[in-house]
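Before any comments, here is the structure.
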Amino acid sequence: MKTMKIYEHGLTRQKRKPRFRMIRAGLAIAMAFGIGLYLGSATPWTKAETISAETARIHIVEPGETVWDIARPVADEQGIDVREIVYQLQINNDLDDDCTLTPGQKIVIRY
């Protein structure tokens, strides 16, 4: 009587080569990356669109007005240091180090 070994039952199926698994995984990663790039660039938002109307207002600069003149009432209203508001105005509106303003310029004030 011939003894049959467990691995000789004849029901073996051909294994896929590891190389194809790596190619498939690489293609899946590349597709996911491409879809992410496409979706990220499909909605180009500007600064004005990202600011909620409830949390920001636009101030039009008057002749002779400074950032400090604009920041003082906001700081008093919020109960914080005026220097913090001046810094926020400078950063949010891409002002230079001197915070130079021109009459008619629109300044975004965030709350």
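Some observations on this one:
- Hits in the range 64-111 - residues which are on the phi > 0 side of the Ramachandran plot and of a type in the set (Gly, Ala, Ser): Gly64, Gly79, Gly104
- Reported count of residues in the range 38-75, each being assigned to a helix (DSSP H, G or I), surrounded by 10 or more Cβ atoms within 10 Å (Cβ to Cβ) and modelled with pLDDT under 90, is 2.
- Ile6 vs. criteria among the β-branched types (Val, Ile, Thr), modelled with pLDDT under 80 and more than 30 Å from Ile107 (Cβ to Cβ): yes
The values are calculated or read from the model by the stated rules, or taken from the named source; none is laboratory data. Please read these numbers as outputs of a predicted model, since none were measured by experiment. FYI the Cβ positions are ideal-geometry reconstructions off the backbone, even for glycines, and counts take in every protein chain you see.
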